[in-house]
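Inspection log for the structure reproduced underneath, given as structure tokens.
The values are calculated or read from the model by the stated rules, or taken from the named source; none is laboratory data. Given the structure is predicted, the values throughout are model-derived calculations rather than measurements. Here the Cβ positions follow ideal geometry from the backbone for every residue, glycine too, while neighbour counts run over all protein chains shown. Ligands, DNA and RNA are excluded from the accessible area calculation, which covers all protein heavy atoms including side chains. Shrake-Rupley method; radii C 1.70, N 1.55, O 1.52, S 1.80 Å.
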Amino acid sequence: CGTSSLIPMTPKKPQHWLQVVGHAGSFYVGDYGTLLKRFCKREQQCYVRLMKDILRPFVPAYHGVVQRDKQDYNMMDNLLTHFNTPAIMDCKMGSRTYLEEELHLARERPQPRNDMFEKMVAVDPEAPTVQERAQQAVLKTRYMQWRETLSSTTTLGFRIEGFRKANDECHTNFKRTKSREQVGEVLDNFVESSTHIVWSYLRQLKQLRQVLEASDFFRTHEVVGSSLLFVHDWTGRTGVWMIDFGKTVALPSHLTLDHRTPWVEGNREDGYLWGLDNLIDILANMLPL
Ligand code: ATP
Ligand code: MG
Ligand code: MG
């Protein structure tokens, strides 16, 4: 794409890249072990700040904006580069996956939506209220909040979006995986019951937690819809990174978050650390006593 001269990096051998979830068509594999993701201003701002924060080792290295076919992309490290036929899992962190501002926007024109009512009934015929049933419609805000209660997002502060095993087996149907037990089973399937891999992920997650608790970036941002990407391979190598900052926004200067206090509208809390605590707990319970 004619941009590789901009990157002061040692060439690495070309690597495959596999996507677990997210919008197909938003990504290109770049040169030198990089990945191009369709440009998003908010995400760019986050990466620029993260490169100067103590969280830097826990996010893909960011290399700026590049163009391809007249489209802008954020260029970052491909996290799969140093793995050998890896297994990959995407966990979406936090107790909600929409921003407070999305709630405000949805509320500006409160239109009852029949399409959302239909989607709701398709999943759970009991979900709509008497009034919603009479109208055959639900408000978008109501739909957004209901959807989060299906998975473990509301109850555990994270949800598994999907994983892909080394043998290419791909699982993404976890929209209703909710209890600790269900989540534990999925994790066990992902690591193929390897206690070594669980132990190794646990160590890295505990390190990440310590750094998050001390990070200026983290304290001053509402982190929504962001994922932890888990990667391991048969050599026993593991890695965990934070990705996807398209819905991570800087807070007004007087406000900071602890990411554990329950969310009430207006406090901006996202439940990220609470979710990480739960995830660590569930993984720890998978190890023999
Ligand atoms: P959505 O907003 O729907 O969650 P998105 O389009 O913002 O998706 P991401 O969540 O950033 O996309 O990434 C989607 C998938 O692409 C991830 O689950 C992961 O499998 C892969 N991926 C993203 N970034 C990287 C990276 N730096 N290295 C390797 N794989 C990546
Ligand atoms: Mg994502
Ligand atoms: Mg995203």
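Using Cα pairs closer than 8 Å and at least 6 residues apart in sequence, work out the relative contact order for the chain, in percent.
Details: 509 pairs, mean separation 64.5, N = 289.
The normalised contact order for the chain reaches 22 percent.
May I ask you to work out the translational diffusion coefficient for the range 37-99 at 37 °C, viscosity 0.692 mPa s, via Stokes-Einstein with Rh from the Kirkwood sum over Cα pairs, reported in whole µm²/s?
240 µm²/s
Cα-based Rg of the range 192-245 per 2.2 N^0.38 Å, rounded to two decimals?
1.30
Picking from ARG107, ARG268, ARG260, which is most flexible by a Gaussian network model of the chain using Cα springs under 10 Å?
Looking only at ARG107, ARG268, ARG260, the biggest GNM fluctuation is shown by ARG107.
Please work out, to two decimal places, the log10 of the ratio I(q)/I(0) at q = 0.10, 0.11, 0.24 Å⁻¹ from a Debye calculation in which every Cα of the range 185-281 carries one identical scatterer.
The Debye formula, applied to the Cα set alone, gives -0.31, -0.38, -1.30.
When all alpha-carbon pairs of the range 9-78 are counted, what percent fall beyond 20 Å?
Counting every Cα pair in the range 9-78, those more than 20 Å apart make up 30 percent.
Any idea what the alpha-carbon Rg over 2.2 N^0.38 Å comes to for the range 128-221?
1.46
Using a 1.4 Å probe, what is the accessible area per residue for the range 74-187, in Å²?
50 Å²
Relative contact order for the range 144-222: what percent, with Cα pairs under 8 Å and sequence separation of 6 or more?
Relative contact order for the range 144-222 comes out at 20 percent.
Any chance you could look up the accessible area of ILE197 with a 1.4 Å probe, heavy atoms only, rounded to 10 Å²?
10 Å²
Over the chain, with every protein chain in place, what whole percent of the accessible area is carbon and sulfur at 1.4 Å, could you tell me? Before the final figure, lay out the partial values.
Numbers: 7450 of 14640 Å².
C and S atoms contribute 51 percent here.
What is the Cα radius of gyration of the range 237-285 over 2.2 N^0.38 Å, N being its residue count?
So the range 237-285 has a normalised radius of gyration of 1.40.
How about the range 171-214: which GluC sites (Glu not before Pro) there are in a DSSP loop, with at most 13 other Cβ atoms within 10 Å of their Cβ?
Within the range 171-214, the qualifying GluC sites (Glu not before Pro) (loop, at most 13 other Cβ atoms within 10 Å) are GLU192.
Would you kindly state how much longer the chain becomes between THR141 and ARG68 on full extension, computed as 0.36 nm times their sequence separation minus their alpha carbon distance, in nm to one decimal?
22.6 nm
Output the Kirkwood hydrodynamic radius of the range 62-136, Cα pairs only, in Å rounded to one decimal.
Kirkwood radius, the range 62-136: 17.6 Å.
Given a 1.4 angstrom probe, what's the average accessible area per residue across the range 224-270, in square angstrom?
Value returned for the range 224-270: 42 Å² of accessible area per residue.
Taking every pair of alpha-carbon atoms in the chain, what share in percent sits in each 10 Å bin, from 0 to the bin with the longest distance?
All Cα pairs considered, the percentages come to 6, 26, 33, 24, 9, 1, 0.
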